[in-house]
Amino acid sequence: MASIITDERRPAAAPTPERAPAPAAGPRARRSKRAGVVAPWWFVVPAIAVYCFIVVVPSLRGAFFSFTDWNGLGADWSWVGLENFADVFTDRAAQAALGNTLLLAVLCTVIQNAIGLALAVGLHTMVKSRYVLRVVFFAPVVLTPLVSGYVWSYLLSPNGTVNDILRGVGLGDLAQDWLGDPDFALYSIVVAIVWQFAGYSMVIFLAGLQAVPEEILEAATIDGAGPWRRFWNVTFPLLNGAVVINVMLSLIGGLKQFDQVVAMTGGGPGTATETISTLIYKNAFLLGEYPFSVALAVVMTLVIAVLSAVQYRLTLRKAN
């Protein structure tokens, strides 16, 4: 028969020693605990010094000489104020280049990201060949833009592959001089740029899609949401970070476009595909108009900074 041990018969527990209160951590210790090991601030001094020497100082010197008549070679210069900037905004070639640059940047940003998102959504499935297809679509990115431009200049030549295919399928009437016609030349360059960099956008969107929690999608499915509604109301809002990065990178890349334009058309025919970057190159290194080119570069920098800031603020507000 099991005996019942009453409270009186149960041995008294040994008294536990009282723990001494831990010393209060200071603000610096609490910050270190939260952020891990904090490196001294002067660790970044070498990197900042190199960045200033390579980027900041030359940029500031260039901005300064945009207010002078320095020819880029001699030591003599004089202050001319805003004269170079007035020439930029009254020069027809500069106006055409600015319009072409903005149109090219907008088209590339919209089309490249739309195709990149579609590819990412299509390959973020259980398709067996998804890994192979990802490599195939990303492969053009590893080419240099200059090589890509020369390849497309051959494909789009009057007797090139594109026109041969059109004639072969009975659509010979659609064959064009894609790079020699002012109505098609700029859009042909857009096609070449989108072909090369859509895979780049696809990779960033894929990373965003893989970060979407499956539980949220399963909850939306249980609530009766179809594939399109799950994507538009659940997945796409969670891709805002990838959208911000992709739009900013493609917009900046389109605004400073140079390589494909030089390789495919050289800015022609006429000024149909002239961009600000190609105009800067021609005026500075072919025509010797160094002050005008520097002023044009300053204008392009300001345009890129303003558009990037507006785009970032809009997308950030949408995220909030």
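The values are calculated or read from the model by the stated rules, or taken from the named source; none is laboratory data. Worth saying up front: this structure is predicted, and the values here are computed from it rather than measured. Backbone-built Cβ (ideal geometry, glycine too); neighbour counts: all protein chains shown. These accessible areas exclude ligands, DNA and RNA; they are computed on the full protein's heavy atoms, side chains included. Shrake-Rupley method; radii C 1.70, N 1.55, O 1.52, S 1.80 Å.
With contacts taken as Cα pairs under 8 Å at a separation of at least 6 residues, the chain carries a relative contact order of 25 percent.
Only one residue of Val194, Phe53, Thr144 has its Cα farthest out toward the positive end of the dipole of the chain, where Lys and Arg carry +1 and Asp and Glu -1 on Cβ, and that residue is Phe53. Solvent-accessible area assigned to carbon and sulfur over the chain amounts to 68 percent, based on a 1.4 Å probe.
Available extension along the chain between Tyr312 and Leu82 is 79.8 nm, counting 0.36 nm per residue and deducting the alpha carbon span.
Taking amide hydrogens as placed 1.01 Å from N in the peptide plane, the amide H of Thr68 sits under 5 Å from those of Val80, each at least 5 positions away in sequence or on another chain.
Local charge for Phe205 was computed over the other residues whose Cβ lies under 15 Å away, with Lys and Arg +1 and Asp and Glu -1, and equals +2.
The gain in end-to-end length when the Phe43 to Thr125 segment is fully stretched comes to 25.1 nm, 0.36 nm per residue minus the alpha carbon separation. Recomputing P(r) over Cα pairs in 20 Å bins from 0, in percent from the coordinates shown identifies the correct label among (i) 20, 40, 27, 10, 4, 1; (ii) 22, 42, 23, 7, 4, 1; (iii) 32, 58, 10, 0 as (ii).
For the stretch 195-320, the relative contact order works out to 21 percent when only alpha carbon pairs closer than 8 Å and six or more residues apart are counted.
Taking 7 Å steps out from each Cα toward its Cβ at Val57 and Val135 produces label points 4.6 nm apart. Take the alpha carbon gyration tensor of the stretch 169-320, find the square roots of its eigenvalues, order them as a ≥ b ≥ c, and report rounded if a/c is under 1.5; if not, report prolate when a/b exceeds b/c, else oblate. Oblate, because a/c is 1.5 or more while a/b does not exceed b/c.
In the chain, helices alone account for a calculated mean residue ellipticity at 222 nm of -18500 deg cm²/dmol, with every DSSP H run of four or more residues adding -39,500 (n - 2.57).
Hydropathy first: keep DSSP H helices in the chain averaging at least -1.0 on Kyte-Doolittle, then drop any whose Cα extent along the axis falls short of 30 Å, and list what survives.
Span-like helices here: 92-123, 185-210, 290-319.
Computed extension gain for Phe236 through Phe89, at 0.36 nm per residue and net of the alpha carbon distance, reaches 48.9 nm.
Taking the Cα centre of the chain as origin and assigning +1 to Lys and Arg Cβ atoms and -1 to Asp and Glu Cβ atoms, the resulting dipole is close to 1660 debye.
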